[in-house]
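These notes concern the structure reproduced below.
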Amino acid sequence: MADIGGQVGTRNPTADSQARNSKSPQQSISDFAGGAVNFAEKAIGQAGAGLKAAAEDIFKDGASGVISLLRGKGIPIDGLLDVGSELNKASWARGSGAADDDWRVRVSLPTSAGLSLDPILQRELDRTNGMIFPYTPQIIFGASASYSQIKPTHSNYPFPTYQSSQPDQLNIVGDFYIEGAAEGLYWCACVHYLRSITKMAYGNTSNRGAPPPLCSLNGYGDYVFKNVPIVVSQFTIDLPNDVDYIYIPETNTWAPTRSTINVTVIPTYSRREVQGFSLDRFVKGGYAKGRGGFI
């Protein structure tokens, strides 16, 4: 039964079918889509009111709300561990502003080296007290102990005899991403710096005959690299062909927006420092916190 114009009557299925068949396919699809949209709007509107009320109930109590409790699972109140242990002593940085707070990997010259680059490039390196890797590099380092083999005749097992120990060379691989002229200028300074510290004083120069200068390596705090004396034995820089290049007006140079610098360094100690080496002091961390730089 249907109420049409205030009268109650019986609908004719045949007439309804003829009316539907009289419409074009496009009009039928349009009517169906419009009806579906209207139905969805009404359903969402009704459900949305309920969801809104539920959400207000959930969030209105702050930390006691259900969602807040789920998100805060495992997080101590006020962000503090109330267990009286030593677990909360680690931190990202001391925050005092001292030079020791900078734990980035740095290759720098001793102050007595006297090597000075072009003033524009030197200014960039002075700001970071040497060449730093702006993005965390990959570093491979280690140490080795050498043994010779005593092999008695008709014996199954040789006897290793200790000879010497040494810190192995380090391989530092870091990415440089350049988004502007300022970063490009620093990249130029690093490239020229590496070129300079791998050359001896040759020809018509002020310190003729001097080998490449001694540098120092720092990074990651006292017990990793602290004032380690090194020489740079090799470096490579890639200039990719699938990246853009940025013009650096101060140096009339084009720098790649992405490149990788690979530096190989060798720990180098003076004979006097080696003669005064103490394994007892090394084991107790005396050289890690001092100026010895033994690794």
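Since every read-out is calculated from the coordinates, none of them should be taken as a lab result. The structure presented is a predicted model; accordingly, all values stated were derived computationally and were not measured. Neighbour counts are summed over all protein chains in view; Cβ atoms, including those assigned to glycine, are modelled from backbone coordinates with ideal geometry.
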Quiz item: Mind ordering 152-161, 198-207, 165-174 by average Cβ neighbours within 10 Å, highest first?
Solution: 165-174, 198-207, 152-161
Quiz prompt | residue 272 paired with residue 138, simple spin-label distance in nm, labels 7 Å along Cα-to-beta-carbon | solution = 4.0
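Considering only the other residues whose Cβ falls under 15 Å of the Cβ of residue 166, what net charge follows from Lys and Arg at +1 and Asp and Glu at -1?
Numbers: positive: 271; negative: 168, 273.
My count for the surroundings of residue 166 gives -1.
Below 14 angstrom from the Cβ of residue 193, what's the summed charge of the other residues (Lys, Arg +1; Asp, Glu -1)?
Working: positive: 106, 123, 127, 195, 199; negative: 118, 124, 126.
Value of the local net charge: +2.
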Quiz prompt | Overall form of the range 183-255 per C-alpha gyration tensor (a/c, 1.5; a/b vs b/c) | solution = oblate
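Arrange the peptides 256-263, 213-220, 269-276 so that the one whose residues have, on average, the most other Cβ atoms within 10 Å appears first. List each step's numbers first, then the result.
Values: 256-263: 18.2, 213-220: 20.4, 269-276: 10.5.
Most protected by this proxy first, the peptides run 213-220, 256-263, 269-276.
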Self-check item: Amide H partners (placed H, <5 Å) of residue 233, local residues excluded
Solution: 264, 265, 266
Quiz prompt | Neighbourhood charge, 15 Å Cβ-Cβ cut-off, centred on residue 202 and excluding it, Lys, Arg +1 and Asp, Glu -1 | solution = +3
Quiz item: Dipole of the range 102-283 (Lys/Arg Cβ +1, Asp/Glu Cβ -1, origin at the Cα centre): which of 177, 266, 241 lies farthest to the positive side?
Solution: 266
Practice problem: Sticking with the crude label model, points 7 Å out along Cα→Cβ, report the distance from residue 222 to residue 157 in nm, one decimal please. | Solution: 4.2
Quiz prompt | Inter-centroid distance (Cα atoms) of the range 208-240 relative to the range 184-204, Å | solution = 13
Quiz item: Each label point is 7 Å from the Cα along the Cα-to-Cβ direction; what then is the distance between the points at residue 196 and residue 260, in nm?
Solution: 2.8
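Which FRET efficiency value, to the nearest 0.05, do you get for residue 244 and residue 171 by plugging their Cβ-Cβ distance into 1/(1 + (r/R0)^6) with R0 = 25 Å?
Values: r = 28 Å, r/R0 = 1.13.
Given R0 = 25 Å and the Cβ-Cβ separation, E is 0.35.
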